[in-house]
Amino acid sequence: MAGPPADDIAGEPATAAAIPAPRPAVADEHVADSGDETGGTGAGGRGGAHRRPGRNALQIRQAAAATLSVTGLALTGGTVLHGAVTGASGAPQAAPSAVTVAEAQTEADAAERADAAAAANRATRQTPGTPSPAPSTTPPARAANPAQDKPSPTPTTAKPAWVDPMPDGRTTSCFGRRWGRLHAGIDLAAASGTTVRAAGAGTVVTAGSNYGGYGLSVLVDHGNGFYTHYAHLSRVSVAAGDRVTAGQRIGAEGSTGNSTGPHLHFEVHDGRWNQVDPAAWMASRGVDLGC
């Protein structure tokens, strides 16, 4: 009696197109065409319901998985057919070609490069650089204006036109009658050698021993009709014709001529040798000589 058909060896109906779900890959994916994995042979030696998928089928399934993975789809519940891929709904879909896989890979590479460039751009913008200086609250400096920025001159006190001829001395005798005759000036006493100063600006008329009992003396013309005379000096510091200013040193106090001790004999002449009271005349010019 003839045996059962070769396709019924495993007790399952034969299907021409379906390929069972592949088992895990083994070291050698090739299976000999002459028998099935149980060692039995069917008619012509090509029977067997559990033949392993060949290299071509695995390549197709792997390529499809790569394509679907790149495009964001998964092979959940899908089946790979010879030359076709079925999704979860069971509807056959065209198997991806090598060109489709290459295009998908190219797009994935381009997207990856774009993402990397965007990330690098963000990192560049976010990298902290030199911090910007905080806005200054100080008002801007004015532009230099030579006319306005020129330093103001230090105010100076105007020198008086008239001064005490020997401010360190004390008054010992005033203008008037003394010992039976006119004492024609004021006597100011201080330590011998004390500086004697011009009472006001003018021109030296005489300087030295010129008038007998006056000893060493200086006569100054103030240009307004008045003269001042400084007598009994120990030293003379100016010469005839010199211009002097108020307070300028003209000599040193002493006791030359008709003198009983170191002092300055100071006279004021309204015209040459017309002596007037020095105390009243100097007081009218803001100087107090103590008489």
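For every residue, the table says whether it meets (1) at pLDDT 95 or above; (2) assigned by TED's automatic domain parsing to the domain that holds R177; (3) more than 20 Å from S173 (Cβ to Cβ); (4) polar (S, T, N, Q).
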{"position": "G193", "(1), (2), (3), (4)": "yes, yes, yes, no"}
{"position": "T203", "(1), (2), (3), (4)": "yes, yes, yes, yes"}
{"position": "N210", "(1), (2), (3), (4)": "no, yes, yes, yes"}
{"position": "G225", "(1), (2), (3), (4)": "yes, yes, yes, no"}
{"position": "E253", "(1), (2), (3), (4)": "yes, yes, no, no"}
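Find the residue count for region 162-191, including only residues that are in a loop (DSSP other than H, G, I, E, B) and free of Cβ contacts under 8 Å to residues at least 60 places away in the same chain.
Narrowing region 162-191 to residues in a loop (DSSP other than H, G, I, E, B): 163-169, 174-175, 179-180, 184-185, 190-191.
Applying the additional criterion that residues be free of Cβ contacts under 8 Å to residues at least 60 places away in the same chain yields 167-168, 179-180.
The number of residues fulfilling the criteria is 4.
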Residue that is in contact with a strand residue (DSSP E or B) (Cβ under 6 Å, 6 or more places away or on another chain), within 23 Å of V205 (Cα to Cα) and without any contact (Cβ under 8 Å) to a residue 60 or more places away in the chain, where the choices are G271, G247, G251
G251
Just need a number here: residues in region 192-221 that are part of a loop (DSSP other than H, G, I, E, B) and either crowded, with 20+ Cβ neighbours inside 10 Å or of a type in the set (S, T, Y) (or both).
6
Filter result (of a type in the set (D, E, K, R) and modelled with pLDDT of 95 or more) within region 257-291:
E267, D270, D277, R285, D288
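Please go through region 235-287 and pick out each residue that is part of a loop (DSSP other than H, G, I, E, B) and touching an Asp or Glu at 6+ places or on another chain (Cβ under 8 Å). Spell out the reasoning first.
Applying the first criterion (part of a loop (DSSP other than H, G, I, E, B)) to region 235-287 yields 237-242, 245-248, 255-262, 271-274, 277, 284-287.
Within region 235-287, P262, V287 qualify.
The values are calculated or read from the model by the stated rules, or taken from the named source; none is laboratory data. Everything numeric here is computed off the predicted structure, so don't read it as measured data. We place every Cβ from the backbone using ideal geometry, glycine too, and count neighbours over all the protein chains shown.
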